[in-house]
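Structure record follows, encoded as structure tokens.
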Amino acid sequence: MEDVGTFLVAQPGYEAVRRLLRFGGVSFSDFLQSLDDLPDRTRLALSELHLPWVELREDPDGQYSLICEAPLVGYGYLMMGVLRAMADDYGALVLLEHCGRSDGIEVLKIILVEAEFSEGRRFELGARA
């Protein structure tokens, strides 16, 4: 499932998905903070698509936890793929860990090691014609 998440963001034919995600902010940290709004932003673009609820929590040590409502087993792994691809897109170095599933909830641990590890992919606000 992680590969599916990466595919949805990284494949040239799915540029609209990447663009929707990049509207979350100018840095990977901004993007993480915008994840709570992702289901609503997605419905603005595709009203018939209802993404599961997610909540980002920042731990006192600066790490993050992403709590994912997971109606399908493996949704957390799909989100790991999305996060990994978006980290590459922003040029950030992150460590991701799937912490398990319980009662339809999957939890991911996100450690932002270096926000500007490499040059991120170019992103333009306006779509090219």
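Values in this text are rule-based calculations from the coordinates and carry no lab data. Every value quoted in this text rests on a predicted model; they were computed, and no experiment measured them. Backbone-built Cβ (ideal geometry, glycine too); neighbour counts: all protein chains shown.
Which of the helices in the chain meet the span-like rule: DSSP H, Cα axial reach of 18 Å or more, Kyte-Doolittle mean at least -0.5?
Taking the DSSP H segments of the chain (at least 18 Å long, mean hydropathy at least -0.5), we get 75-90.
Work from the charge dipole of the chain (Cβ charges, +1 for Lys and Arg, -1 for Asp and Glu, about the Cα centre) and give the residue of G74, V107, L56 farthest towards its positive end.
Result: G74, furthest along the dipole toward the positive end.
Hey, what did the chain get for relative contact order, percent, Cα under 8 Å, at least 6 apart?
In percent, rounded to a whole number, it is 25.
Roughly how many debye, to the nearest 20, is the charge dipole of the range 1-91 about its Cα centre, given +1 on each Lys and Arg Cβ, -1 on each Asp and Glu Cβ, and no other charges?
The dipole magnitude comes to about 300 debye.
Compute the normalised compactness of the range 27-92: alpha-carbon radius of gyration over 2.2 N^0.38 Å, N being the residue count.
Compared with the compact-globule rule of thumb, the range 27-92 sits at 1.14.
Which shape class, rounded, prolate or oblate, goes with the chain when its Cα gyration tensor gives a ≥ b ≥ c as root eigenvalues, a/c under 1.5 marks rounded, and past that a/b bigger than b/c marks prolate?
In terms of gyration-tensor shape, oblate.
Starting at the first residue of the range 61-73, write each ³J(HN,Hα) from the Karplus equation 6.51 cos²θ - 1.76 cosθ + 1.60 with θ = phi - 60°, in whole Hz, x for Gly and Pro.
Rounded to whole hertz, the list is 8, x, 7, 10, 10, 10, 9, 10, 5, 10, x, 10, 4.
Which value in deg cm²/dmol, rounded to the nearest 500, describes the helix-derived mean residue ellipticity at 222 nm for the chain, given -39,500 (n - 2.57) per DSSP H run of n ≥ 4 and division by the residue count?
-11000 deg cm²/dmol
Quick one: if the Förster radius is 30 Å, what FRET efficiency do V26 and E69 give, using the C-beta to C-beta distance and rounding to 0.05?
0.60
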